[in-house]
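Below is one structure, written out as structure tokens; comments come after it.
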Amino acid sequence: MKTAVALGEIEDAVHSACRAPSFHNSQPWTWVLESTTLRLFLDPDQLVDTDSAGRQALLSCGAALDHLRVVMAARGWEILVDRFPNPNNRHHLADIEFRQSAGITTAQRRDADAVARRRSDRLPYGPVENLAAFETLLRLTVEDRPAYVDLLAPQQRDKVAEASHLAEALRMYDTEYHAELAWWTAPFGATTGIPHSALVSAAESDRVETGRTFPVTHTRERRRHTGDDQAAIVVISAFDDTPRSILACGETLSAVLIEATAAGLASCTLTHVTEHPATRGIISALTGHPLPQVLVRIGVAPEFDDVPPPTPRRPLSDVFHVRAG
């Protein structure tokens, strides 16, 4: 039975859900509360130019939808989701109703705390100490998700690095792409984009073989004692090439990131190797699944590292609206 939730509680939950990662921190979502139904829409005005098909935006919105689920669960609410409820509006991604749950578990509170703490860390990582145990946790987290999730073997890392380097080579003379990166990392982005505090220097970038090449910063080199990146790599692939499956991959991405954060691990989402058929093919050959959508680097960051400030987010008034009715 659906239940009305206090407006302030929904506002707080949406605010937390919007901490989800998004392509170049574009935050391509709009939430509309109508009576007891919270509706999620893709915001076409926030699409990144090189994502004209909206694939990356769907991944981003899926992550935000799952973040909402996690946050509401820690408040004692289960969400009931009707995905793509309006066949005449492809931007209408979900209708969400709420049902009071029987209780709140420690794990649910832990996951909600992870939503608040998670951030994209582009620096080098140390290795996950007990990779087998983490894989077991990961499998339990994603076993009912409609997406393929593969933790690559350490010996496959070189092939992923090869795909990463090829992705950058294929973009070398793409002036539109480089102009777009410069725009989304410009220092004037007050509520969107990637701040320089979240980017890396040239020396730091050289120690991370798998990563999108952003404009470099000129900060001092950090994590020298970590050496070259030793992250584990997770690949999330779609069941089929439909908006529903891509949205599900975004929801699965959220679950992977939250589990990594709750386990005390650093993470960084990667999509540059899924943007071109040649590099998608390399990743697909590693997993056996033809539609890889997003990769995640996961590893250990030094315990007493300086943590940069959170990346900016659009004001709640820009992304959440209440509609009469």
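Laboratory data are not the source of any read-out in this text; all were calculated from the coordinates shown. Computed from a prediction, not measured in an experiment: that's the story for all the values here. Cβ: placed from backbone, ideal geometry, glycine included. Neighbour counts: every protein chain shown.
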Under 10 Å, Cα contacts only: if you run a Gaussian network model on the chain, which one of 83, 313, 171 comes out with the highest mean-square fluctuation? 171
With a cut-off of at most 10 other beta carbons within 10 Å, and DSSP calling the residue loop, which trypsin sites (Lys or Arg not before Pro) in region 50-80 qualify? Please list them. none
For the chain, what does the relative contact order come out to in percent, with C-alpha contacts under 8 Å and a separation of six or more? 25 percent
Between 0 and 90 degrees, rounded to the nearest ten: what's the tilt of helix 131-142 against the longest Cα principal axis of the chain? 30 degrees
Roughly how many Å is it from the Cα centre of region 214-240 to that of region 149-181, as a whole number? 12 Å
Apply 1/(1 + (r/R0)^6) to the Cβ-Cβ distance of residue 9 and residue 225, taking R0 = 45 Å, and write down the FRET efficiency to the nearest 0.05. 0.55
Ignoring everything except DSSP H segments at least 4 long, calculate the 222 nm mean residue ellipticity for the chain; use -39,500 (n - 2.57) per segment, divide by total residues, nearest 500. -11000 deg cm²/dmol
Hey, in the GNM for the chain with a 10 angstrom Cα cutoff, which one of 302, 28, 292 fluctuates hardest? 302
